[in-house]
Structures are given as C-alpha cells and as structure tokens.
Amino acid sequence: MTDAVEPVPDDVVTPVASSDDDDRRATRLSWLYLLVLFGVFAAVALLAFQADDAVVETAATTTAAADASSEFTSVDLEFVVDGESVTLRGAVPDVASRDSLLQSAQDRYERVVDELVIDEGTTMDGGRLNISGNAFEGDTDAAGLQADAAASLGLEAGGFDVALIELDETPVDAQVRISTNTVVLTGSFPDQVSLDEFEVASFRIFGQAMTDSSALVVDPDTTLTNSTITISGLVDAGDFRAEALATELSRFFGASSIDGSSVSFDTSPDALGRLESQLRAQVAATPILFESGSADIQTTSDDILTNLALAINAAPDVPVEIVGHTDSSGDAGTNQLLSEDRAVAVVDRLVSLGVDEARLSARGAGENEPIADNETDEGKAANRRIEFEFEGATSDEPAEDETDEDASTDEESDE
C-alpha cells in the first residue's frame, strides 16, 4: 500500500535563489576591491611625497651650508722684506691671528711695519703666506719667518720671491770685556744713536764709573745688519750683571746679535768667599722664615730662596753645604734636631728650584755656632739662621763682636 503524500499548505513558500541578488553581491565586492586599491595607491603616493620633501630639505640644507662656507675667503698674506725690516700686508679674521703673525715677525726683524687689517669674512683655512722683497746675502730670516708664521697658523707657505743683495757696509763687531773693576767697550757703529745705546746699556748695568767707553767710534761704513756684540770676561759666581747687560742690549740690537758665550764664572776660593758673604748679607736682610718650632718654610721666603737658587747655579759644579742654626733657647737636643730639619727643608726647596741635588748637603749646627749674644733678643734673632758654605771658599765670616746689631728679628722663635 502506498503512503499518501501530504499536500503543501498554500501559505508556505519555498525560497528560490534570484539572479538579481547575485548581481548585487558582485557589485558590492567590486566596489570594495576598488576602495582597497585606492587606499593602497593613496598611501604609496603620500609616502613618495614625504620622501621628496626630505630630499628637498636635505638638498636645501646642503646648499645653505655651502652658501655659508662660500661667505669666507681664504687669507692671502704678503710679507715684504726690505733688508732689516719687514712689512705685513693682508686681511686676517681676528686679532689673535694678527698678533701671532706680528710676534713671528718681531722674533726675526727689529723693524716691523703692521699693515694687516681685520676682516671677519676671511678664514685661515686654505690660506697662503707669500714672502717678497730684498734681503742681504746670508740672510735666512725671510725663509725662517715664512716657515714659522705659516706653521703657527696652519697656512700654506706660498710664493717666495726674495732677491739677495750684496752688503756694501761692514757689520758691527763690538766687544764688552768684563773684569773685576772695569767694563771696557770697543767697536764702531754706523751712527751716534746706536753707539749711545751700546754705551748707555753698560752704564745702566755696571755704572758709568766702571765703564770705559773711550774706544767707541762712529763709522758710516758699518751696518747693524748681521752685527755681533760679544760679551766676555771672568765674573764672580753669583754675579748676573753680564746676563742683565745681554738682555739690555738685545732690546735695541736684537737677541740674535748678542753673544754671551765667552763669559765664565770665577770659582776661585776668593770668589767663592765673596759669594758666601753676598748670600750671608742677603739672608740677613731677608731671613728664611720658618713656622714657629717647625721646619715648614713660610711662603714669604719664596723670593729669597729663588734668588739663592740662581746664585748657587751661577757657581756650577761647586758643592754647597746648607747649615741650619738656632739660638740657645730651649733644649739643646731639640734645637739640634730642629736645625737639621730646617737645613734639609732648604735643600729640598733649592732642588725644586732647579739646583742639582748632588751638589747640596745639609748639616744642623743647633745652638753651637752663634754669631751674636744669645742673651739679647737681637742676638737670638741673628743666631737663628741658614748659611751657605761653598766647598773651597775662603772664609771671611765676621767675628761675634762684629755682627750687625740691627739683624732682623722677624724670624720665628725656635721654642
């Protein structure tokens, strides 16, 4: 028997796919795809635009830097030599550069004409220094000036067009001969001005009474170019007047003209004895002061110790004993140790000031070698002292009753 098929109710509708719906879905997908493509294209375009801006900005920065750099002009300096003088010409960026160039010129030439100008639009980078003019035969100052000045400021040594001319005059050859009581000056000078400078320099250092200048003459056929002034003689150890004269003469004639190599120091027993007396007088006038009861040197004694170091170095190779002394106040054993410590402290200070340590020795005499009466304050002050004894010196130390009663009382007590 066959099952019966129930009829479908009239109000139930079975859904059927429509072709219109499929078309609408396809259209929507197409638009979505186009939107995605547009978004990607827009993002790519934006990134490209930003990259172009960065390139343009970098190029603009580089161009600005190049423009700023091009605002400065490398210096092109011209130094013109004329025998004994030199003229400086050109523009430099600042005062420091000009001062450096002037100093280089003044180190080699007595007469320097400054025609340099300050121009902030110039730079030393890539700059040149040219030398031209005329120089006397044998003159090396022009080449030396170019090398020194260029090196000091990082310039290129540019052109060198210096013609050498023959000297028609004889260079000055003057002499300063120093002896115990006299300074003898000899030589010919091109004019009275230069002769007077030579003579007056000796007057300033040695005094007019000690200077014999009767042999000096004026000779127009001489020249100060390549001149030589020789200082010679035997001077007492510790006598720095020959060096002072060399410094004085160099102000007018130039340091390169001064030859002081022929000066030697007299280290005979008598000369060393005189040096001891001079140092004793200096220390009496300006005592080496210590803190009370200590070997610590006061700072007020720095200058006298510096002068003593110079004097000792002026007696080369001569051993020196530094002796510390005290007065009789307090315990003798304590005074002995204190005098030894103070002598060692002075040795250490002299070594720090450039004296060869191998030349120095220290000894403490305590209260055992007085030079004045320990019963008075003045005598005690005189007995508290440091002395310098040069090996081999002729002693001329004063007897106790000859000691200056006005000895300084500024030194601190040993108690």
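Sort Asp191, Asp221, Asp239 so the one with the fewest other Cβ atoms within 10 Å of its own Cβ comes first.
Listed from fewest to most nearby Cβ atoms, that is Asp221, Asp191, Asp239.
I'd like the antiparallel share, as a percent to the nearest 5, of DSSP beta bridges with both residues in the range 269-402.
Beta bridges within the range 269-402, antiparallel portion: roughly 55 percent.
Given Cα pairs under 8 Å that are at least 6 residues apart, what percent is the relative contact order of the range 209-309?
Relative CO of the range 209-309 lands at 23 percent.
Around Leu185, what is the net charge, scoring Lys/Arg as +1 and Asp/Glu as -1 over all other residues with Cβ under 12 Å from its Cβ?
-3
Please give the length that would be gained between Leu234 and Leu337 if that part of the chain were fully extended, namely 0.36 nm times their separation in residues minus their C-alpha to C-alpha distance (nm, one decimal).
33.0 nm
Give, to the nearest whole percent, the P(r) tail of the range 304-400 beyond 20 angstrom, counting all Cα pairs.
When every Cα pair of the range 304-400 is considered, 40 percent fall beyond 20 Å.
Which net charge results for the neighbourhood of Gly126, defined as the other residues with beta-carbon distances under 13 angstrom from its beta-carbon, given Lys and Arg at +1 and Asp and Glu at -1?
My count for the surroundings of Gly126 gives -2.
Bear in mind that the values in this text are calculations on the coordinates, not laboratory data. Just so you know, these numbers come straight off a predicted model, no measurement behind them. Cβ atoms come from the backbone with ideal geometry, glycine included; neighbour counts cover every protein chain shown.
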